[in-house]
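> Please read through the structure below; I'll follow up with questions.
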Amino acid sequence: MTLGEKKAFLEQYVNFRRNYEELEFDVTFIDGGDGRVPGPTEWDIRVSAKVPADDINDWISGMTQTKSADTSWVSSIPNAPIKLDAFQWYEDGRRLVGSSVADCIVLYRNFAN
């Protein structure tokens, strides 16, 4: 899949539009509803992206920095970084974002279950 194809696919499931230099993700949806209105009742969107340096703040705007974060989910993303020491973590409800400013890498998770 090309970068453009990956971006188009991801944008079907997220409400933000971003610029990417590299993009990998793991998207899972479960329709656990009663069947009246189709749609996911549980989701887990995991993203690893290299982004333009000027765009990193867009990912964490309005979020609260946290000292500790469960990062076990990162390994499910293809080609995601293994070493996470350089990441600063931010949260906002169901969203968790890790950013490595020096590497211009963002790790993003949005989930409901």
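The values are calculated or read from the model by the stated rules, or taken from the named source; none is laboratory data. What you see is a predicted model; the values in this text were computed from it and never measured. Here the Cβ is made from the backbone with ideal geometry for all residues, glycine too, and neighbour counts use every protein chain on show.
> How about segment 91-113: which of its residues are surrounded by 19 or more Cβ atoms within 10 Å (Cβ to Cβ) and without any contact (Cβ under 8 Å) to a residue 60 or more places away in the chain?
Leu96, Val97, Gly98, Ser99, Ile105, Val106
> Where residues in segment 79-94 are out of contact with any strand residue (DSSP E or B) (no Cβ under 8 Å at 6 or more places or on another chain) and of a type outside the set (Gly, Ala, Ser), which of them is nearest to Val47 (Cα to Cα)?
Here the answer is Ile82.
> Give the residues of segment 72-83 that are hydrophobic (A, V, I, L, M, F, W, C) and surrounded by 15 or more Cβ atoms within 10 Å (Cβ to Cβ), sorted by residue number.
Trp73, Val74, Ile77, Ala80, listed by residue number.
> A further question follows. If you scan segment 1-32, which residues turn out to be among the small types (Gly, Ala, Ser) and part of a strand (DSSP E or B)?
Within segment 1-32, no residue meets the criteria.
> Could you check how many residues of segment 76-113 are of a type in the set (Lys, Arg) and more than 17 Å from Val14 (Cα to Cα)?
1
> Which of the residues that make up segment 50-71 are assigned to a loop (DSSP other than H, G, I, E, B) and either loosely packed, with under 15 Cβ neighbours inside 10 Å or touching a strand residue (DSSP E or B) at 6+ places or on another chain (Cβ under 6 Å) (or both)?
Val51, Pro52, Ser61, Gly62, Met63, Lys67, Ser68, Ala69, Asp70
> Anything in segment 49-68 that is of a type in the set (A, V, I, L, M) and out of contact with any Leu (no Cβ under 6 Å at 6 or more places or on another chain)? List them, or say none.
Val51, Ala53, Ile56, Ile60, Met63
> Then there's this: With respect to Val74, is the statement that it is at pLDDT 95 or above, assigned to a strand (DSSP E or B), of a type in the set (Val, Ile, Thr) and on the phi < 0 side of the Ramachandran plot true?
no
> Could you tell me whether segment 39-49 includes any residue that is surrounded by 13 or more Cβ atoms within 10 Å (Cβ to Cβ), at pLDDT below 90, closer than 20 Å to Leu107 by Cβ and in contact with a strand residue (DSSP E or B) (Cβ under 8 Å, 6 or more places away or on another chain)?
Taking every residue of segment 39-49 in turn, at least one turns out to be surrounded by 13 or more Cβ atoms within 10 Å (Cβ to Cβ), at pLDDT below 90, closer than 20 Å to Leu107 by Cβ and in contact with a strand residue (DSSP E or B) (Cβ under 8 Å, 6 or more places away or on another chain).
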